[in-house]
Amino acid sequence: MAGVILWFKRDLRVADHPALAQAARIGPPLLPLYIVEPGLWAQTDADARHYGLLREALVDLREQLQQIGLRLVIRVGAAVDVLEDLRLSHAITHLVSHEETGNSWTYARDRHVAAWARGQGVIWTELPQSGVLRRMRGRDGWAARRDAVMAQPVLTPQPLMMLDGVASQALPGAAALGLGADAPQRQKGGRGAGLSLLVSFLEERGRDYRRAMSSPLAGASACSRLSPHLALGTLSLREADQAAARAAAVVRGVGWTGSVRSFRARLAWRDHFIQKLEDEPQIEHRCLHPAYEGLRPAVPDAARLQAWSKGETGLPFVDACMRSLAATGWLNFRMRGMVTSVASYHLWLDWRASGAHLARMFTDYEPGIHWSQAQMQSGTTGINTVRMYNPVKQGLDQDPTGAFTRAWLPELADVPDALLQEPWRWEGAGRLRYPAPIVDVKQAATEARDRVWAVRQGEGFRAQAAKVVRKHASRKDAKGRFRRDPVRLKKDTGQMGFDF
């Protein structure tokens, strides 16, 4: 009996699943399929922490499918090879999946699958699962269209018929895919864990969200921590947004309505940034404003990159953040901006090099957000204010007691609190088993600002920036969530916050 393949990618759930609903309309019987693609896991942005999260999500997905009469089939190999094998063995004529906005590898793979489907007469239907929209010609009206998607009813799965006789393979271990060790303190994956986080955030943890989100300590519990689940699709964005809307009505007048409002706004910003990559896949590889190509060395300083990656720059707050990230797979939004800023400006590293390392470290790695933010925090978009974080000031502001810094830098245990963020100024610095700073913070910032400013003064800069604005800049909407961030050619000397 011929059937319909439901190809799971980063949509690992059955609730509110447009592709599942569409496959059910075409079929049954259905063949729920997940393909472990060795080529994907060989990319420079892949890490064992991502695969560990995926394995947990697939175990959970298998149980969800069983509840509606389906069985998850696992296959290992290149997508086209796996799909062709199933087409031949089970006379498959339809393939259904969600529209994925992934990295350049998945984009190329999807083009390959599309060519295969056309050549074999297979009808491939792709459906959006968030407010990210295909074939947009500009940003005018985008917010309203996105909100319309969020307002649609959450889809409820119904019992379905499984295509019989399809063998499944075992999930390979991380080592078999060439991956190393998982992050020792990584948060757990799977829909159950995601739902638990959503409930606890909206009922209790989110009360101090607006105030605590900038702190690397308080933010670990006050932030929703839903990003890994949204990245893998164990929760849908619409589920989260509508749950937050219901919570907003409950908490109105009890002191934390603003936190829920901020959370919903950030869900909208999430779609906004992913839309950039959907509209221009080269954001992963090329500066959004071409005038910035060649600004920093294409081959980064290896010693600086290694010191930054390992948390050994001699700048305590930066090093604490990088060591915490390596162990846990998570940093709050402001600290993500700071470590990127320091890499790009103070250490003068190209955003593609630092961005690849951070992609591997972030358990919640989402290409659309990640590469747009890497460029924004590195000053290569041409339409955003240059945001240059002072790592010493950030340490004093965001870790005033020094608890976070000391937790990750035990070698600074003897340094007095007053000098914790500048241990080189302590009279006992020579006795520390901690490196001296690899750059002078003030001097490096001055030199970087001058270099970036020189590019902004170049001929044709404004005209090209205007094109970027038309294609990618946010538009102010009626709900006040977005604002246009135009090209600012006034020389920026202040330190500004991380927008997302």
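The values are calculated or read from the model by the stated rules, or taken from the named source; none is laboratory data. Computed from a predicted structure; not experimentally measured. Note: ideal-geometry Cβ built from the backbone for every residue, glycine included; neighbour counts use all protein chains shown.
Observations on the model:
- You will find that of L288, L331, the residue that is in a loop (DSSP other than H, G, I, E, B) and either modelled with pLDDT under 95 or outside the structural domain of A436 (by TED's automatic domain parsing) (or both) is L288 and no other.
- Test: residue in region 361-371 that is over 23 Å from S104 (Cα atoms) and either over 21 Å from the mean Cα position of the chain (by Cα) or crowded, with 23+ Cβ neighbours inside 10 Å (or both): no
- For region 444-478, a residue qualifies if it is in a helix (DSSP H, G or I) and of a type in the set (S, T, Y), and exactly one does: T446.
- N384 fulfils the conditions (1) assigned to a loop (DSSP other than H, G, I, E, B); (2) within 14 Å of A343 (Cα to Cα) except for a single criterion, (2).
- Single residue of L432, L489, L409 found to be touching a Lys or Arg at 6+ places or on another chain (Cβ under 9 Å) and modelled with pLDDT of 90 or more: L409
- All of (1) buried (at least 18 other Cβ atoms within 10 Å of the Cβ); (2) out of contact with any helix residue (DSSP H, G or I) (no Cβ under 8 Å at 6 or more places or on another chain) hold for A249 with one exception: (1).
- Of all the numbered requirements in (1) within 28 Å of R286 (Cα to Cα); (2) modelled with pLDDT of 85 or more; (3) of a type in the set (K, R), R484 misses one, and that requirement is (2).
- For region 65-120, the set of residues classified as among the polar types (S, T, N, Q), without any contact (Cβ under 8 Å) to a residue 24 or more places away in the chain and surrounded by 15 or more Cβ atoms within 10 Å (Cβ to Cβ) is empty.
- Look at region 397-412: where a residue is within 9 Å of L217 (Cβ to Cβ) and a partner is part of a helix (DSSP H, G or I), sitting 6+ places away or on another chain with Cβ atoms under 7 Å, you get Q398/R334; D399/F317; D399/T405; F404/A320.
- Within region 436-455, considering residues that are of a type in the set (D, E, K, R) and either under 16 Å from L349 (Cα atoms) or at pLDDT below 95 (or both), the one surrounded by the most Cβ atoms within 10 Å (Cβ to Cβ): R449
- Residue that is nearest to E37 (Cα to Cα) [pool: residues in region 157-170 that are out of contact with any strand residue (DSSP E or B) (no Cβ under 6 Å at 6 or more places or on another chain), aliphatic (A, V, I, L, M) and surrounded by 13 or more Cβ atoms within 10 Å (Cβ to Cβ)]: M162
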